[in-house]
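*Asks:* Here it is, the structure in full.
Every read-out reported here was derived from the displayed coordinates using simple, explicitly stated rules and does not represent laboratory data. Quick caveat, the model's predicted, so the values are computed rather than measured. Using ideal geometry, Cβ is built from the backbone for each residue, glycine included, and neighbour counts are taken over all protein chains shown.
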Amino acid sequence: MRSRKTNLTNLAERRLDVLIVGGGINGAVAAAALASKGASVGLIDRGDFAGFTSQHTSNLAWGGIKYMENYEFPLVRDLCLSRNALIRSYPSTVREIRFLTTIPRGFRHRPLTMWLGAWAYWLIGNCFTRPPRRLSRRAVEREEPLIEASSGAGFVEYSDAYLHDNDARFVFNFVRTAVDRGATAINYVESLGARFDGHIWRTTARDVESGSEFEIESDILINAAGAFADEHNDLTGAQSAHRHVYSKGVHLLVERMTCERRVLAFFADDGRLFFVIPMGRRTCLGTTDTRVDSPWTEVTADDRRFILDNINRRLRLDRPLTQADVIAERCGVRPLAIAKGEKNSGDFLQMSRKHAIDMDAQRRHLSIYGGKLTDCINVGEEICERVQSLKVRLPRARYRWYGEPEGRAKEAYFRQAKRMSLDAFTPADSSEGLTTRYWRRYGAAAIELLERIQTDPKDAQVLIEGTEYTRCEIALARQREMIVKLEDFLRRRSKIALMMRRHELLAADGLQHACNALFGATARERFDEYFALDAR
């Protein structure tokens, strides 16, 4: 892979068809789609890829059953079809999962209404998943004894989907696809603003690492800055029909609470929907949904108390969960798209995550508002249509740009993995076999891991006890994953930071090995940078 320095030079010296500002899910799929169809593409982000909203999701790809309450059936239909496409296209990454919902006594809808709604949801989604079912209290006590069933008026089970790996990894794989197909993608490069001279866009960029500034020329500029889309439009003087409002979402990670691979869904005391979500060897609790005025948020004592109190009342636990049980926290904002001039006088908790793409054809500028992981394929396709309408030629316009690798590469990988009995190397406490895990994370590049393990079986050992990341993955990460800071590796390329408490991670034997392998001479600096907040 080209060095960071080479990529920076390439951006500065080459006129692009499209420059995309923002490397969250919207920017990543836009880059992957356009590069795959033959456009010359640049992608920059002032932080790491998926370093903001896209790393704080519930790890779900769901059709938005809650939007049916507002009769947003076309939106639910689109999201369900998108979910179905993700399950088909990424079978090792996006998988169907059952949601068992407890309807509390005195809820605004009767259990029968909820059950009928689940059937309508299933039908709207083309009956793609397993059908819903209505459960008795006795059945719930038998199947999910963790639930305090006595508090429920009824129970409904239906299907949606979840990301087997973390959300940020899912986003990064789109960035990796874009790079493999010719795009130049660089993290920690900030857009300082852009001007349109009547023919091309000239974007002033700054390398956050070195502080150096340079100019990027492109025929089209796409604002995919997520929560900061309005801010970037102000920098460029771009006009848009939409703006963002923000909802804060908080999740808490605790030890695995149930062996069943099922999401437990509840309605909090104030009517908000929240979940108990399996995440490998951990359980994710949340989310909150709090109106905030700024993209910059943090977990508060009230957030923790809200989640823990509601969970403790709805589960049969040996002892109540406390702050001491929290291993890691996730906190981010959901940028919600609303029309400019709209006062958002309705129920904020019922606002949808629909996306909007505003286009200024005269200035050849696009702005992406809203969106969610489930809708990502639609965003990529729509961006390609808009770019074509602006007279940028896409030589491979019909190319299917998304999905796991198929054909000979997949056959060769699985054949070699079977021949060497790769799954026999799987650590005893892992949540899945190495064959599937490597393929999901690295695709065709995973064959390099097999070769390393054949050369030295110790490379299949877990790097840091308590995680599932193996030693041979480090070299591939340094080569292919554009890791600039230790947090990029621990939080986004892997989910190690979500599996361990900070003090446990600091003392982990394998962490310094990872730093040395990833950063070489600057390993100590990157290590100290990551743990600097703990010293304050």
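*Asks:* For the pair Q388 and E96, how long in nm is the line joining their label points, each one 7 Å along Cα→Cβ?
*Replies:* Modelled inter-label distance: 3.2 nm.
*Asks:* Oh, and also: Full extension from E451 to E255: what is 0.36 nm times the residue separation minus their Cα-Cα distance, to one decimal in nm? Can you show the working numbers first?
*Replies:* Values: separation 196, 0.36 × 196 = 70.56 nm, distance 3.40 nm.
Here the segment from E451 to E255 would lengthen by 67.2 nm.
*Asks:* Okay, which of segment 269-300 sit inside 15 Å, backbone N to the point 7 Å along the Cα-Cβ direction of V208?
*Replies:* What the label zone holds, given the 15 Å backbone N cut-off, is 296-297.
*Asks:* Would you tally the net charge around T426, using a Cβ to Cβ cut-off of less than 10 Å, leaving T426 out, and scoring K and R as +1, D and E as -1?
*Replies:* Details: positive: R437; negative: D423, D429, E432, E468.
So the surrounding residues net to -3.
*Asks:* Can you give the three extents of the C-alpha atoms in the chain along their principal axes, from longest to shortest, in whole Å?
*Replies:* 68, 60, 52
*Asks:* Further, regarding this structure: Could you pull the Rg and Dmax for segment 414-535, using just the Cα atoms, both in Å?
*Replies:* 14.5, 49
*Asks:* Full extension from V462 to W296: what is 0.36 nm times the residue separation minus their Cα-Cα distance, to one decimal in nm?
*Replies:* Numbers: separation 166, 0.36 × 166 = 59.76 nm, distance 3.49 nm.
Result for the pair: 56.3 nm of gain on full extension.
*Asks:* Could you tell me what % of all Cα pairs in segment 1-122 have separations over 24 Å? Show your work: numbers first, answer last.
*Replies:* Working: 3619 of 7381 pairs.
Result: 49 percent of Cα pairs exceed 24 Å.
*Asks:* What FRET efficiency comes out for T113 versus A521 if R0 is 56 angstrom and r is the Cβ-Cβ distance? Round to the nearest 0.05.
*Replies:* 0.30
*Asks:* Another one. Which shape class, rounded, prolate or oblate, goes with segment 26-98 when its Cα gyration tensor gives a ≥ b ≥ c as root eigenvalues, a/c under 1.5 marks rounded, and past that a/b bigger than b/c marks prolate?
*Replies:* Prolate is the answer for segment 26-98, as a/c is 1.5 or above and a/b outweighs b/c.
*Asks:* Return the FRET efficiency for the residue pair E504, S421: r is the Cβ-Cβ distance, R0 is 25 Å, and the value is rounded to the nearest 0.05.
*Replies:* Details: r = 32 Å, r/R0 = 1.28.
Calculated transfer efficiency: 0.20.
*Asks:* Then there's this: How would I447, I25 line up from fewest to most surrounding beta-carbon atoms within 10 angstrom?
*Replies:* Listed from fewest to most nearby Cβ atoms, that is I447, I25.
*Asks:* If each residue's Cβ is checked for other Cβ atoms within 10 Å, how do T101, T322 rank with the fewest at the top? Walk me through the numbers on the way to the answer.
*Replies:* Values: T101 24, T322 10.
By the 10 Å Cβ count, ascending: T322, T101.
*Asks:* Before rounding to the nearest 500, sum -39500 (n - 2.57) across all DSSP H runs of length at least 4 in the chain and divide by the residue total; then give [θ] at 222 nm in deg cm²/dmol. Don't skip to the end; give the middle numbers.
*Replies:* Working: 17 runs with 177 residues, N = 536.
Mean residue ellipticity at 222 nm (helix-derived): -10000 deg cm²/dmol.
*Asks:* Just subtract the alpha-carbon distance of K343 and R88 from 0.36 nm times their residue separation and send over the number in nm, one decimal. Provide the component values of the computation, followed by the final result.
*Replies:* Numbers: separation 255, 0.36 × 255 = 91.80 nm, distance 3.90 nm.
Extending this stretch completely gives an extra 87.9 nm.
*Asks:* To continue, here is another question. Charges only on Cβ, +1 for Lys and Arg, -1 for Asp and Glu: so what's the dipole of the chain about the Cα centre, in debye to the nearest 20?
*Replies:* 1380
*Asks:* What list do you get for F527, F170 if you sort them by fewest beta carbons within 10 Å? Display every interim value, and only then the final one.
*Replies:* Details: F527 18, F170 25.
In order of increasing Cβ crowding within 10 Å: F527, F170.
*Asks:* Once the Cβ-Cβ distance between S151 and N70 is put in as r, and R0 is 25 Å, what FRET efficiency do you end up with, to the nearest 0.05?
*Replies:* On the way: r = 27 Å, r/R0 = 1.06.
Calculated transfer efficiency: 0.40.
*Asks:* With only Lys, Arg, Asp and Glu charged, each at its Cβ (+1 for the first two, -1 for the last two), find how big the charge dipole of segment 142-220 is about the Cα centre; round to the nearest 20 debye. Intermediate results must be reported in sequence, preceding the final value.
*Replies:* Details: 7 positive and 16 negative charges, 38 e Å.
About 180 debye.
*Asks:* Which residues does a label at R15 reach in segment 380-414, if reach means a backbone N under 12 Å from a point 7 Å past the Cα toward the Cβ?
*Replies:* none
*Asks:* Taking the simple approach of a point 7 Å from Cα along Cα-to-Cβ for both E529 and A120, what is their distance in nm?
*Replies:* Inter-label distance under the simple model: 5.2 nm.
*Asks:* Given the options L505, F519, I453, identify the residue whose Cα lies farthest towards the positive end of the charge dipole of segment 414-535 (+1 on Cβ of Lys, Arg; -1 on Cβ of Asp, Glu).
*Replies:* Value: I453.
*Asks:* For the pair R305 and R480, how long in nm is the line joining their label points, each one 7 Å along Cα→Cβ?
*Replies:* Once both label points are built, they end up 4.7 nm from each other.
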